[in-house]
Amino acid sequence: MVRYAMVSVVAVVVSQVVLFGAQFFWSARVSNVVAVFVSAVPSYQLNRRWVWGKSGRSGLVGEIIPFWAMALAGLLLSTWGADYAAANASRITASSVGQKLVVNFAAFAAFGVMWVAKYAILNRVLFAPGPTPAEVAD
């Protein structure tokens with residue numbers, strides 16, 4: 001759980017920095033999509049290798065597709081949050097930087113909702129340890 005949390009911190013920092021910077025060039029929606037895809041790559045690799053100790057080739061059906069399906073769910077939820085925040089941020093602050101921070105907070109909060117469910121899925125299904133050699137021999 002601690003390693004998973006540490007990987008989440010890395011992913012959040014990457015995502016938040018990319019999201020904030022991208023908003024100077026693109027809409028909140030496009031910026032969030034870019035941020036999620038950029039942060040998903042190190043998140044997948046760190047979770048797979050460091051948190052769950054998997055090595056070798058990734059399985060398409062057993063690892064890659066489920067991971068990206070969860071990333072897509074987070075993307076949809078956080079993009080909705082970012083869009084909603086962008087549409088209403090001017091009611092909270094007149095500052096352009098403040099409005100971008102409101103969008104960042106909304107995306108962060110949306111991913112917070114997904115965090116616990118994603119951990120359970122990753123731990124119990126996606127990167128669950130296989131049987132030990134002793135179990136296979138029995």
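Worth pointing out:
- What the Cα convex hull of the chain gives, in volume per residue, is 103 Å³.
- Taking amide H positions as modeled 1.01 Å from N, with prolines and chain starts lacking one, no residue 5 or more places away or on another chain lies under 5 Å from GLN23.
- For the chain, the dipole from Cβ point charges (+1 on Lys and Arg, -1 on Asp and Glu) about the Cα centre works out to 220 debye, to the nearest 20.
- Here the 3J(HN,Hα) profile of the stretch 20-25, calculated from phi with Karplus coefficients 6.51, -1.76 and 1.60 at θ = phi - 60°, is 5, x, 5, 5, 6, 10 Hz, Gly and Pro shown as x.
- Put simply, when 104-116, 48-60 are sorted by average Cβ atoms within 10 angstrom per residue, most first, you get 104-116, 48-60.
- HN-Hα J in Hz across the stretch 81-90 - Karplus 6.51, -1.76, 1.60, θ = phi - 60°, x for Gly and Pro: x, 5, 4, 4, 5, 4, 5, 10, 4, 5
- Helix 96-121 axis, angle to the chain major axis (alpha carbon atoms, nearest 10°): 20
Every number in this text was worked out from the coordinates using simple rules, so none of it is lab data. The shown structure was predicted, so the numbers you read here are calculated from the model rather than taken from an experiment. Reconstructed Cβ throughout: ideal geometry from the backbone, glycine too, with neighbour counts over all protein chains shown.
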